[in-house]
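Taking it in order: structure first as structure tokens, then the write-up.
The values are calculated or read from the model by the stated rules, or taken from the named source; none is laboratory data. In this text the structure is predicted, and so the values were computed from the model without any measurement. In this analysis, Cβ positions are derived from the backbone assuming ideal geometry, glycine residues included, and neighbour counts consider all displayed protein chains. Keep in mind that these areas ignore ligands, DNA and RNA; they rest on the heavy atoms of the full protein, side chains included. Shrake-Rupley method; radii C 1.70, N 1.55, O 1.52, S 1.80 Å.
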Amino acid sequence: MTLSHPKRPALLRLDDRNPLVPYLYLLPHAVLFLIFIVFPIGFGIFVSLHRWNLLSDQQVFVGLDHYRSLFTPGSPEARFFWKTLLNTILFVVITVPLLIACAIGLALLLHKPIWGRGFFRTVFFLPTILAVSIMGLLWKWMFENGSGLINVILDQLPLLDTVPFLTTVGWAWVPIIVGTLWWTVGFNMVLYSAALAAVPQAYYDAAQLDGAGRWAQFRHVTWPMLTPVTIFTAVTSTIASFQLFGQSHVITAGGPLRSTQSVMMYITEEAFTNFQFSSAAAMSMVFGLALLLISVFQFRLLLRDTGRGAD
């Protein structure tokens with residue numbers, strides 16, 4: 001005699017027959033997303049619509065006044081917000097192409113079966129594990145006006161003068177850009193190295209049979225195969241570069257004359273030095289929206305180039 005077990009309702013089963021199972025796997029991420037993304041954004045919007053005072057229980061509703069100040073020519077908020085945003089855009093425009101081009105170049109060089117290839121890959125990747133404070137102090141010392149290594153070398157060379165990198169408008173970007181490139185290019189290089197290893201050798205053999213040279217092979221075989229990685233690195237490098245803070249803070253402290261101050265530094269200064277939390281929250285919302293639009297545009301543009309923009 002066999003005993004028959006009562007069947008469980010479909011909604012209580014933990015298998016594919018339960019339509020709620022996929023949502024159970026998504027639930028932890030959804031909870032964290034709500035706590036750490038949705039709630040801060042909503043609270044930031046709420047703060048930006050009030051004159052926020054930490055010492056008061058009553059927060060005065062001011063509507064869009066703080067947003068209006070950002071778009072009012074001559075107001076201090078507009079002057080410094082847009083100036084530091086332009087500084088950040090300059091940094092992004094210079095560093096993102098360099099981070100992609102240098103990463104591809106290093107990956108191509110180390111894709112060849114040369115001696116010590118693993119060692120050199122490790123050497124280029126190691127800086128990415130450093131904290132931004134260590135990287136900043138290192139490159140600040142390298143470009144120090146008087147005793148920095150770069151100026152010591154320049155002083156020894158004929159016909160060249162030392163350059164006060166850290167206190168000269170324009171030159172102050174050099175240690176920040178060079179340090180950022182040294183610090184982060186190794187991560188992109190690893191991504192491109194993995195992508196290169198996945199390109200079938202048969203494609204290159206077929207291109208050689210058609211008489212394609214090295215440049216033609218790179219243009220018609222390597223570059224199209226690297227496009228998905230390029231999309232990823234372009235979007236992530238752009239977002240990371242827009243979040244410039246530590247490098248400028250440690251190397252130049254935003255100077256001289258705020259010429260290297262990023263928009264993230266100014267928002268932090270507005271909130272925690274000037275204690276203008278509502279104004280800082282409004283700046284954060286505008287900056288976040290601009291960053292979102294840029295990322296979407298960049299993503300769609302790169303997808304269109306790959307012929308997948310209509311998907």
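Placing a pseudo-label 7 Å from each Cα along the Cα-to-Cβ vector at L160 and F46 gives an inter-label distance of 5.7 nm.
With the simple spin-label model, which puts each label point 7 Å out from Cα in the Cβ direction, the L54 to H29 separation comes to 3.5 nm. Take every pair of alpha-carbon atoms less than 8 Å apart whose residues are at least six positions apart; their mean separation over the length of the chain yields a relative contact order of 24 percent.
On the basis of the beta-carbon distance and an R0 of 41 Å, I239 and D15 show a calculated FRET efficiency of 0.60. Taking only protein heavy atoms and a 1.4 Å probe, the accessible area of segment 8-85 is 71% carbon and sulfur.
Each of the peptides 33-40, 122-129 was scored by the mean count of other Cβ atoms within 10 Å over its residues; in descending order, highest first, they stand as 122-129, 33-40. Across segment 111-142, the residues whose backbone nitrogen lies under 11 Å from the label position 7 Å along the beta-carbon direction of V152 are 142. Every helix of 4 or more DSSP H residues in the chain counts as -39500 (n - 2.57), and over all residues that averages to -20500 deg cm²/dmol at 222 nm. Accessible surface of segment 98-164, 1.4 Å probe: 74 percent of it comes from carbon and sulfur atoms. Computed packing ranks the peptides 200-210, 181-191 as 181-191, 200-210, most packed first, by mean other Cβ atoms within 10 Å. In segment 9-86, a dipole from Cβ-located charges (positive for Lys and Arg, negative for Asp and Glu) runs towards its positive end, and of L55, F39, F80 it is F80 whose Cα lies farthest in that direction. Relative contact order of segment 195-311, taken over Cα pairs closer than 8 Å and 6 or more residues apart, is 20 percent.
Normalised per residue, the accessible area of segment 206-309 is 52 Å², obtained with a 1.4 Å probe and no contribution from ligands, DNA or RNA. Between R219 and L90, the C-beta separation translates, for a Förster distance of 25 Å, into a calculated FRET efficiency of about 0.25.
Two tests apply to each whole DSSP H helix in the chain, Cα reach of 20 Å or more along its axis and mean Kyte-Doolittle hydropathy of at least 0.0, and the ones passing both are 76-111, 173-197, 223-242, 277-305. Using the Cβ of T162 as centre and a radius below 11 Å, the other residues enclosed give a net charge of -3, where K and R count +1 and D and E count -1.
Average accessible surface for segment 1-149: 73 Å² per residue, computed with a 1.4 Å probe over protein heavy atoms with every protein chain in place.
The alpha carbons of segment 117-183 give a radius of gyration and a Dmax of 13.8, 40 Å, in that order. Here the peptides 160-166, 18-24 are ranked by packing, the mean other Cβ count within 10 Å, and the order with the highest first is 160-166, 18-24. The slack between A206 and L64, meaning 0.36 nm per residue of separation minus the straight C-alpha distance, is 44.9 nm. Annotation: amide H of H50 within the under-5 Å range of V62, sequence separation 5 or more or interchain, hydrogens built in the peptide plane.
I'd like the FRET efficiency for L181 and S75, computed as 1/(1 + (r/R0)^6) with the beta carbon distance as r and R0 of 45 Å, rounded to 0.05. Please report the intermediate quantities before stating the final value.
Working: r = 36 Å, r/R0 = 0.79.
About 0.80, to the nearest 0.05.
Extending 7 Å from the Cα toward the beta-carbon at both W115 and L98 defines two label points whose distance is 3.3 nm.
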